[in-house]
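Undergrad: Let me begin by handing over the structure; questions about it come next.
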Amino acid sequence: MDWASRWIRWPDFWLPSDRDDARAALHEAWERAAGERVEVACGGGRGRTGTALARIAVLDGVPPAEAVAWIRAHYDRHAVETPWQKRYARTPPD
């Protein structure tokens, strides 16, 4: 089975190394999710995954200021682990 994938350079507990590439990848995931299953993952499934999911939730209409709380309520209560991940998750889309 052919499984499309996209890798984002994103150190554990930090932010994406290339924010433009991350923005494009997360937008692509959001667009693809309308018609197919999309999975987002990192090593622990909380910090980077939660932050990415919060950014995708904002693209889908969740207000940026509520993105972290929304992901914690609907995915994992410990998602988005660091202050800088929280700030990044709450950033309005371009």
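The values are calculated or read from the model by the stated rules, or taken from the named source; none is laboratory data. Computed from a prediction, not measured in an experiment: that's the story for all the values here. FYI the Cβ positions are ideal-geometry reconstructions off the backbone, even for glycines, and counts take in every protein chain you see.
Undergrad: Considering only residues that are on the phi > 0 side of the Ramachandran plot and under 12 Å from the mean Cα position of the chain (by Cα), which ones fall in the stretch 55-94?
TA: V80
Undergrad: Another question about this same structure. If you check P83, P64, P11, which single one turns out to be surrounded by 13 or more Cβ atoms within 10 Å (Cβ to Cβ) and not hydrophobic (A, V, I, L, M, F, W, C)?
TA: None of the other options fit; the residue is P64.
So that you can scan it fast, the table gives a plain yes or no per residue for (1) touching a residue at least 12 places away in the same chain (Cβ under 8 Å); (2) in a loop (DSSP other than H, G, I, E, B); (3) not aromatic (F, W, Y):
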| position | (1), (2), (3) |
| --- | --- |
| W3 | no, yes, no |
| R6 | yes, yes, yes |
| P11 | no, yes, yes |
| R23 | yes, no, yes |
| L26 | yes, no, yes |
| R55 | yes, no, yes |
| A65 | yes, no, yes |
| E81 | yes, yes, yes |
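Undergrad: Please verify whether the stretch 42-52 includes one or more residues that are in a helix (DSSP H, G or I), in contact with a Phe, Trp or Tyr (Cβ under 9 Å, 6 or more places away or on another chain) and free of Cβ contacts under 8 Å to residues at least 24 places away in the same chain.
TA: no
Quick grid of which residues meet (1) of a type in the set (F, W, Y); (2) at pLDDT below 95; (3) in contact with an Asp or Glu (Cβ under 6 Å, 6 or more places away or on another chain):
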{"residue": "S5", "(1), (2), (3)": "no, yes, no"}
{"residue": "I8", "(1), (2), (3)": "no, yes, no"}
{"residue": "F13", "(1), (2), (3)": "yes, yes, no"}
{"residue": "R19", "(1), (2), (3)": "no, yes, no"}
{"residue": "T51", "(1), (2), (3)": "no, no, no"}
{"residue": "A54", "(1), (2), (3)": "no, no, no"}
{"residue": "A69", "(1), (2), (3)": "no, no, no"}
{"residue": "Y75", "(1), (2), (3)": "yes, no, no"}
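Undergrad: Limited to the stretch 26-85, what total is found for residues that are in contact with a helix residue (DSSP H, G or I) (Cβ under 9 Å, 6 or more places away or on another chain), farther than 24 Å from D2 by Cα and of a type outside the set (A, V, I, L, M, F, W, C)?
TA: Total satisfying the criteria: 17.
Undergrad: Is it the case that P83 is over 19 Å from H27 (Cβ atoms) and at pLDDT 95 or above?
TA: Against the criterion (over 19 Å from H27 (Cβ atoms) and at pLDDT 95 or above), P83 qualifies.
Undergrad: Looking at the stretch 67-79, which of its residues are in a loop (DSSP other than H, G, I, E, B) and aromatic (F, W, Y)?
TA: Once the filter is applied, which keeps residues that are in a loop (DSSP other than H, G, I, E, B) and aromatic (F, W, Y), the stretch 67-79 yields only Y75.
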